[in-house]
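**Q** Okay, handing you the structure first.
The values are calculated or read from the model by the stated rules, or taken from the named source; none is laboratory data. All values derive from a computational prediction rather than experimental measurement. All Cβ positions, glycine included, derive from the backbone under ideal geometry; neighbour counts span all protein chains shown.
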């Protein structure tokens, strides 16, 4: 069994110690796995992803990510794209996560990172949209930009929060196929939060359900 890209041991997740959202979280994620997390709104799914991403600290317990934090790709619910900039600019902002300090300081990715951005945009099928502003794109196209932005970070772990939520069924299917391709071809571990348990069961290797303050694995 390969070394996990993420190990969580006895973690307590939330904002207040006397009111945790999740307790006794124990989880190992391996390269190439696609993990789905389901559960009702407001129960702690997004907070768990933000904690894994390093944006929040666990209240207690251990979250071990053997690779560098820069190798975690994170797609928030609202995508975090810059609407008045074009596709190329948004994707290159992801490349800055692994750029030298001076390039990050001046937001100037070098030739290699520009090539990475171009390849990522091509991989998600948006080469003809590279100069279009985000505000001109459909919801599905914006999701593709967010995925491309994460790809140029060369993540070992990709966290996606409700990235299928507002898409029609055909567009959601296209994004799912893209996610599966990423996992298979690049050996990226992917954790995806979704509200649709039936859909998650069709493409995830494992499905975890948040019940109360605990996470349980669901047979799919």
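**Q** Considering only segment 45-60, state which residues are buried (at least 16 other Cβ atoms within 10 Å of the Cβ) and either over 16 Å from residue 159 (Cα atoms) or not assigned by TED's automatic domain parsing to the domain that holds residue 4 (or both).
**A** If the condition is that a residue be buried (at least 16 other Cβ atoms within 10 Å of the Cβ) and either over 16 Å from residue 159 (Cα atoms) or not assigned by TED's automatic domain parsing to the domain that holds residue 4 (or both), then 58, 59 are the ones that fit.
**Q** I've got another one for you. Residues of segment 1-11 being surrounded by fewer than 17 Cβ atoms within 10 Å (Cβ to Cβ) and closer than 10 Å to residue 59 by Cβ, which ones?
**A** Passing the criteria: none in range.
**Q** Continuing with this model, one more query. Would you point out which residue out of 185, 170, 166, 174 is at pLDDT below 90, surrounded by fewer than 18 Cβ atoms within 10 Å (Cβ to Cβ) and part of a loop (DSSP other than H, G, I, E, B)?
**A** Numbers: 185 fails: part of a loop (DSSP other than H, G, I, E, B); 170 fails: part of a loop (DSSP other than H, G, I, E, B); 174 fails: part of a loop (DSSP other than H, G, I, E, B).
Sole residue among the options that is at pLDDT below 90, surrounded by fewer than 18 Cβ atoms within 10 Å (Cβ to Cβ) and part of a loop (DSSP other than H, G, I, E, B): 166.
**Q** Go through segment 61-114 and give me each residue that's more than 30 Å from residue 13 (Cα to Cα), surrounded by 18 or more Cβ atoms within 10 Å (Cβ to Cβ), at pLDDT 85 or above and touching a helix residue (DSSP H, G or I) at 6+ places or on another chain (Cβ under 6 Å).
**A** Across segment 61-114, the qualifying residues are 87, 90, 91.
**Q** Now, a different point. Go over the candidates 147, 179, 192 one by one and state the one that is part of a strand (DSSP E or B), crowded, with 20+ Cβ neighbours inside 10 Å, touching a strand residue (DSSP E or B) at 6+ places or on another chain (Cβ under 9 Å) and touching a residue at least 12 places away in the same chain (Cβ under 8 Å). First the steps, then the outcome.
**A** Numbers: 147 fails: part of a strand (DSSP E or B); 179 fails: part of a strand (DSSP E or B).
Checking each option against the conditions leaves just 192.
**Q** What pairs come up if the first residue lies in segment 27-49 and is on the phi > 0 side of the Ramachandran plot, the second is at pLDDT 90 or above and in a helix (DSSP H, G or I), and their beta carbons are under 7 Å apart, counting only those six or more places apart or on different chains?
**A** Within 7 Å, the pairs are 39/45.
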